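FYI, it's all coordinate maths here, none of it is from the lab. What you are looking at is a predicted structure, and each value in this text was computed from that prediction instead of being measured. With ideal geometry, Cβ positions are generated from the backbone for all residues, glycine too; neighbour counts draw on all protein chains shown.
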Amino acid sequence: MKKSVNEAWRVLRMPCREYAALVSRELDGPLPLLSLAALRTHLLVCRSCRNFARQIRFLHTAVRRLPERGPASDEGMPEEVRGRLRARMNEIQP
Amino acid sequence: MSRPEPGSLDPTRWLDEHGDALWRYAIGRIRRADTAEELVQATLLAALEAKDRFRGEADERTWLVSILRRKIADHVRQERRREGATWAGPEFRPSGTWAVGPRRWPTDAEAMLAKPEFWVDLEACLGKLPAGVAEAFVLREVRQAEAEAVCGALKISAANLWVRVHRARLLLRRCLAGKWAPDRGEKGP
């Protein structure tokens, strides 16, 4: 009992660096219940870690889509870009 | 390629005749549509200002591309200075609190995924990861290989793989934050 209280106390006092690691670990598999509860609680009160978690999870999803995206195309200038540039050139030199 | 008289230089004709070439040159080096557009525009403006000095010694396209090349070099230098500031310093203080707290990104996830610039930035940031970290991250996260297979291929332990992947996540997030919403100097709780 004392051991688990100590463990809970340790987890609750962890600095953001450790919570960031938990956010990362959670992407690789389920966290132990105590860590999960502590992380959820911390995210409620820490805006920086909340932003971090949101962004890390987003990137985790985004990088998985990279392989289906080919390399940058080598097409010419898009028409809308050409139109905008032409308009600006005409403003300067009618 | 044409070698017109200096008096006949015309920026809208440049767009028609050399726009594609300038665009490919810029996008091939910068890989961001918005920046490429700015650089091509800056090139055309600089060429317009300098057109009286164009003597037709080089052909027109070579002349324009040489201006664009200088604009790109300036841009890359500026960018490197700016990013140097964002990448500098550790992510956390020795106490474990954020050195620079992550700030909310201005665009929501789906909108970001729809922006071509996001993917260019993501690839650029991937390209900046330290080699050992990048290799592990690409195998595990991008190609989604099994952890055991990645450990085997790189001859590293599971713990070391996790350290590398975690490091890559931190660096990638920070690199993208530098482009989308620089982190602020905020303390953790």
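Sequence-distant or interchain residues sharing an amide H contact under 5 Å with residue B:99, placed H: which?
Result for residue B:99 returns B:92, B:93.
Quick one, can you get me the convex hull of the C-alpha atoms of the range B:127-182 expressed as volume per residue in Å³?
69
What is the calculated FRET efficiency for residue A:45 to residue B:147, with r their C-beta to C-beta distance and R₀ = 35 Å, to the nearest 0.05?
Calculated value: 0.65.
Over chain A, consider all pairs of different Cα atoms and compute the Kirkwood hydrodynamic radius from their mean reciprocal separation; express it in Å, one decimal.
Averaging 1/r across every pair of different Cα atoms and inverting gives 17.5 Å.
With unit charges on the beta carbon (Lys/Arg positive, Asp/Glu negative), name the residue among B:102, B:159, B:172 whose Cα is farthest towards the positive pole of the charge dipole of the range B:99-189.
After comparing all options, I get B:102.
Are there cysteines in chain A with no other Cys C-beta under 4.7 Å, and if so, which?
A:16
Can you work out the PRE-style zone for residue A:13? Point 7 Å along Cα to Cβ, and I want the residues of the range A:19-46 with backbone N under 20 Å.
A:19-22, A:34-43, A:45-46
Would you please give the FRET efficiency between residue B:114 and residue A:64, computed as 1/(1 + (r/R0)^6) with r the Cβ-Cβ distance and R0 = 25 Å, to the nearest 0.05?
After rounding, the FRET efficiency stands at 0.95.
Report, in cubic angstrom per residue, the convex hull volume of the C-alpha atoms of the range B:91-141.
That works out to 125 Å³ per residue.
Apply the Karplus curve 6.51 cos²θ - 1.76 cosθ + 1.60, θ = phi - 60°, to the phi angles in the range B:125-130 and return the couplings in whole Hz, x for Gly and Pro.
5, 4, x, 8, 5, x
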